[in-house]
1. Looking at Arg45 and the list (1) at pLDDT below 95; (2) among the basic types (Lys, Arg); (3) surrounded by 12 or more Cβ atoms within 10 Å (Cβ to Cβ), which single condition is not satisfied?
2. If you take the residues in segment 1-27 that are of a type outside the set (D, E, K, R) and exposed (fewer than 13 other Cβ atoms within 10 Å of the Cβ), which one is farthest from Ser79 (Cα to Cα)?
3. Does segment 48-85 hold any residues that are over 22 Å from Pro9 (Cα atoms) and either of a type in the set (S, T, N, Q) or buried (at least 16 other Cβ atoms within 10 Å of the Cβ) (or both), and which are they?
4. Taking the stated definitions as given, is Pro30 surrounded by 14 or more Cβ atoms within 10 Å (Cβ to Cβ) and more than 16 Å from the chain's Cα centre (by Cα)?
5. Under 6 Å by Cβ, and 6 or more places apart or on different chains, what pairs join a residue from segment 1-21 that is assigned to a loop (DSSP other than H, G, I, E, B) with one that is exposed (fewer than 13 other Cβ atoms within 10 Å of the Cβ)?
Amino acid sequence: MPTEPKPDPRFDDFLFLQAQNAGLFLGQLPHPATGQTSLNLRAARSVLDSLEMLAAKTAGNLTIHEQKLLDAALANIRSLYQKNA
């Protein structure tokens, strides 16, 4: 019988950081130094690609909470990216 993966508190922090970066690159958050918003689709695509790769590589190895968080981050970032692409 498979055991539940052990949670890693760093995973949530990592996902929040990546989502924040995507929000910055997609003009949803102001740049901390300038206070201005801007669009950088190349950087946003890089974040999205990285999270998609992470999802593929960690399939079956995440806790339920981690999987839901990753799925939500991917859905939100994909939606924002598609609106701006």
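1. (1)
2. For segment 1-27, the residue satisfying everything is Met1.
3. Listed by number, the residues that qualify are Ser79, Leu80, Tyr81, Gln82, Asn84.
4. no
5. As it stands, the answer is Pro5/Asn61, since those pairs meet every condition given.
The values are calculated or read from the model by the stated rules, or taken from the named source; none is laboratory data. Everything quoted here is computed from the prediction, not taken from an experiment. All Cβ positions, even for glycine, are placed from backbone atoms using ideal geometry, and neighbour counts span all protein chains on display.
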